[in-house]
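The values are calculated or read from the model by the stated rules, or taken from the named source; none is laboratory data. Note that the structure is a prediction, hence the values are computed from the model and not measured. Reconstructed Cβ throughout: ideal geometry from the backbone, glycine too, with neighbour counts over all protein chains shown. Ligands, DNA and RNA are stripped out before the accessible areas are found, and what is left, the full protein with its side chains, is counted by its heavy atoms. Shrake-Rupley method; radii C 1.70, N 1.55, O 1.52, S 1.80 Å.
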Amino acid sequence: MDVSFDFTDSVALVTGASGALGAAVCEAFADAGATVAAADVVAPDDGEAGLDTGGAIDFYRGDFTDEREVERVVSEVLADHGRLDCLANVAGTWKGGAPIEDTDVETFETLFDVNLKTAFLASKHALAHLRERDGRGAIVSVSARSSLEGGEGDGPYRASKAGVRLLTETIAAENAGEVRANAVMPSVIDTPANREMMPDADHDAWVDPADIAEVVLFLCSDAASVTSGAAVPVYGEA
């Protein structure tokens, strides 16, 4: 069944836009008629997905672990487009492979900065503008299936993504009736980087970024008007 969304006249801010999932979310919003503010610390040409800016997609370079940078980018988006309807917190990273006693603090800080702090800061500075959308403003953040339980070797990653899920639930509770907030929970996403990292894995079981992007659009759409505070599985058979 084909599903289509209409985001004509809407403005969507997408963080982590130069990565594979971020680029897919940007392109899905643009295909649905939205104006897309694609934000990343990495330029599109240097990113994993080669995001095609221009047309309905405008790129804003900014480090979303830095509050001043977040304030600047959100202000620029508002100055350029006059409104903000949706925020997709896609910025994230994975590091693992060591038990807690062997994990250096720099790895811990990087995971919490990139996965959780970016979502916190983007949401903090977007919320006032999303509230202006008369109950139709929406935030979707990327948590992870592995955030549901502990595991060996990537505890700080799991903890940071659990934080994203709890942040989402908090934003939903604090903004009930004004702004909806939901999270998606992927497992392994079918990206070039993951294929290179795990060449012998069953890639057919992995989920295409474009399919996750469709769920993000659904959660930002009027079709999900009664859904807030949810953590939605998007891991297929992975």
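When you go through (1) in contact with a helix residue (DSSP H, G or I) (Cβ under 8 Å, 6 or more places away or on another chain); (2) free of Cβ contacts under 8 Å to residues at least 60 places away in the same chain; (3) surrounded by fewer than 20 Cβ atoms within 10 Å (Cβ to Cβ) one by one for residue 64, which number turns out not to apply?
If we test residue 64 against (1) in contact with a helix residue (DSSP H, G or I) (Cβ under 8 Å, 6 or more places away or on another chain); (2) free of Cβ contacts under 8 Å to residues at least 60 places away in the same chain; (3) surrounded by fewer than 20 Cβ atoms within 10 Å (Cβ to Cβ), just (3) comes out false.
Somewhere in the range 47-57, is a residue more than 28 Å from residue 94 (Cβ to Cβ), at pLDDT below 85 and open to solvent by 60 Å² or more (accessible area, probe 1.4 Å)?
Checked against the condition, which is being more than 28 Å from residue 94 (Cβ to Cβ), at pLDDT below 85 and open to solvent by 60 Å² or more (accessible area, probe 1.4 Å), the range 47-57 yields at least one hit.
Matching residues to (1) open to solvent by 30 Å² or more (accessible area, probe 1.4 Å); (2) free of Cβ contacts under 8 Å to residues at least 24 places away in the same chain; (3) assigned to a loop (DSSP other than H, G, I, E, B); (4) out of contact with any Pro (no Cβ under 8 Å at 6 or more places or on another chain):
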site	(1), (2), (3), (4)
147	no, no, no, yes
151	yes, yes, yes, yes
158	yes, yes, no, yes
163	no, no, no, yes
176	yes, no, yes, yes
182	no, no, no, yes
195	yes, yes, no, yes
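Find the residue count for the range 120-139, including only residues that are among the hydrophobic types (A, V, I, L, M, F, W, C), in contact (Cβ under 8 Å) with a residue 12 or more places away in the chain and either in a helix (DSSP H, G or I) or open to solvent by 40 Å² or more (accessible area, probe 1.4 Å) (or both).
6
Quick one: how many residues across the range 77-94 are part of a helix (DSSP H, G or I) and free of Cβ contacts under 8 Å to residues at least 60 places away in the same chain?
Residues meeting the conditions: 3.
Would the range 14-32 turn up any residue that is outside any strand (DSSP E or B) and either among the polar types (S, T, N, Q) or over 19 Å from residue 215 (Cα atoms) (or both)?
There is at least one residue in the range 14-32 that is outside any strand (DSSP E or B) and either among the polar types (S, T, N, Q) or over 19 Å from residue 215 (Cα atoms) (or both).
If the requirement is being open to solvent by less than 20 Å² (accessible area, probe 1.4 Å), in contact with a Phe, Trp or Tyr (Cβ under 9 Å, 6 or more places away or on another chain) and in contact (Cβ under 8 Å) with a residue 60 or more places away in the chain, which of these qualifies: 38, 28?
Sole residue among the options that is open to solvent by less than 20 Å² (accessible area, probe 1.4 Å), in contact with a Phe, Trp or Tyr (Cβ under 9 Å, 6 or more places away or on another chain) and in contact (Cβ under 8 Å) with a residue 60 or more places away in the chain: 28.
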